[in-house]
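Worksheet for the structure shown next.
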There are 2 protein chains.
Amino acid sequence: MKYHLTYSLLFLILLVAACNTKKKTDESIRQAETLFPKGEELNSKNFTGTVWLYMMGARDSTLHARFGNVTFAPKASTNWHSHPGGQILFITEGKGYYQAKGQPARLLHKGDVVEIPRNVVHWHGAAPDSEFAHIAISLNADEGGAVWLGPVTDEEYDSSIMQ
Amino acid sequence: MKYHLTYSLLFLILLVAACNTKKKTDESIRQAETLFPKGEELNSKNFTGTVWLYMMGARDSTLHARFGNVTFAPKASTNWHSHPGGQILFITEGKGYYQAKGQPARLLHKGDVVEIPRNVVHWHGAAPDSEFAHIAISLNADEGGAVWLGPVTDEEYDSSIMQ
């Protein structure tokens with residue numbers, strides 16, 4: 001009986017230690033998977049829900065490009081808008097949608113790329129059950145900033161993601 | 001003595017099982033961390049070592065941008081070159097370097113961004129002990145493609161990364 005207790009206790013201690021190590025490893029990996037910083041919470045009428053923006057690169061760039069990391073809380077999205085110079089999105093986290101006006105919404109995951117043509121009215125944002133992050137590169141920025149339109153209504157959002 | 005053996009065996013079996021689970025978890029996470037596909041191995045005189053390229057987006061883009069994912073084997077690099085329209089690099093994997101001619105090399109990790117001004121002669125590539133991957137977006141591409149110069153010599157590479 002003494003052996004039972006001694007070994008049971010030893011086994012339990014070591015198993016708990018092994019589990020804790022694993023948990024720590026997973027947490028550090030999850031941390032590292034956030035490729036770019038979330039930045040500051042946006043306070044803008046051009047977005048619905050909670051959105052964070054981390055701008056990267058020089059504002060007075062001669063590259064004619066503006067770029068940053070955008071993170072959406074679940075169900076958060078941009079309003080409808082367009083870019084005179086076009087935009088590229090590189091999805092880095094989670095699950096979300098891109099929809100061009102009049103087209104079916106496109107489901108997006110980490111590793112997907114969206115090439116948004118000039119002047120195409122569209123929105124992008126998170127799925128209802130997932131955060132969503134992408135790098136956004138606005139191109140030919142000397143041709144003008146984004147043209148903002150109205151919010152994506154609940155009906156538009158729901159019908160888009162049900163397609 | 002019998003208890004010794006029984007418990008030792010039970011403990012060993014369970015510890016091995018726990019370790020195996022952990023290993024599998026780490027492997028699946030490492031796989032998922034490769035954000036974009038490696039694509040095809042490049043066969044180009046403008047690179048040294050083994051490099052893979054995965055082009056993304058339309059070649060006939062009206063966005064004036066060309067973009068893709070570039071993966072370098074350890075110590076592989078571009079030759080010295082410049083971009084008339086500039087370029088942005090988003091580091092997605094591993095450890096590497098960016099060096100503008102006459103400047104110290106910059107050590108790069110996953111999550112770093114490099115804004116390469118127009119016509120600045122530079123190279124980028126992997127550290128000796130790590131693969132390295134980045135998205136590369138060549139901007140204002142209608143102003144001309146990359147201007148390729150000579151290879152980064154072993155002496156240049158070694159002295160750059162020792163700084």
Fully extended, how many nm does the chain gain between B:Asn46 and B:Ala58 (0.36 nm per residue separation, minus their Cα-Cα distance)? 2.0 nm
Probe 1.4 Å - accessible area at A:Met55, Å² to nearest ten: 80
Sort A:Asp129, A:Asp112, B:Asp158 by accessible area with a 1.4 Å probe, largest first. A:Asp129, B:Asp158, A:Asp112
Calculate the spin-label point distance for B:Lys38 paired with A:Arg106, positioning each point 7 Å from the Cα along the beta-carbon direction, and give it in nanometres. 2.6
Put simply, what bits of the range B:36-77 lose 50 Å² or more of accessible area when the other protein chains are there, versus the chain on its own (1.4 Å probe)? B:Phe36, B:Leu63, B:Phe67
Take peptide B:127-137, look around each residue's Cβ out to 10 angstrom, count Cβ atoms belonging to other protein chains, and average those counts. 1
Put a label point 7 Å from Cα along the Cβ direction on B:Lys38, then list its distances to the equivalent points in the other copies in nm, shortest first. 3.4
Probe 1.4 Å, all chains present, heavy atoms only: A:His109 accessible area in Å², nearest 10, is 80
For the range B:25-163, rounded, prolate or oblate, judged on the Cα gyration tensor with a ≥ b ≥ c (square roots of eigenvalues), a/c < 1.5 rounded, else prolate if a/b > b/c? oblate
Per-residue average of Cβ from other chains inside 10 Å of B:84-92: 4
In the range B:105-120, the residues losing 20 Å² or more of accessible area (1.4 Å probe, heavy atoms of protein chains only) relative to their chain alone are B:Lys110, B:Gly111, B:Val113, B:Glu115, B:Arg118
Using a 1.4 Å probe on heavy atoms of the protein chains only, the accessible area for A:Lys75 in Å², nearest 10, reads 80
Amide H neighbours of B:Met56 under 5 Å, counting only residues 5+ apart in sequence or on other chains, H built in-plane at 1.01 Å? B:Phe67, B:Gly68, B:Asn69
Heavy-atom accessible area ranking, 1.4 Å probe, most first, across A:Glu40, B:Glu41: A:Glu40, B:Glu41
Backbone HN-Hα couplings from phi across the range B:102-107 [Karplus 6.51/-1.76/1.60, Hz, Gly and Pro as x]: x, 10, x, 5, 9, 6
Probe radius 1.4 Å, ligands and nucleic acids left out: can you give me the accessible area buried at the A-B interface, summed over both chains, in Å² to the nearest hundred? 3600
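The values are calculated or read from the model by the stated rules, or taken from the named source; none is laboratory data. Model, not experiment: these values are computed from the prediction. When we count neighbours, we look across all protein chains shown, and the Cβ atoms used for this are built from the backbone with ideal geometry, even at glycine. For accessibility, only protein heavy atoms count, side chains too; no ligands or nucleic acids. Shrake-Rupley method; radii C 1.70, N 1.55, O 1.52, S 1.80 Å.
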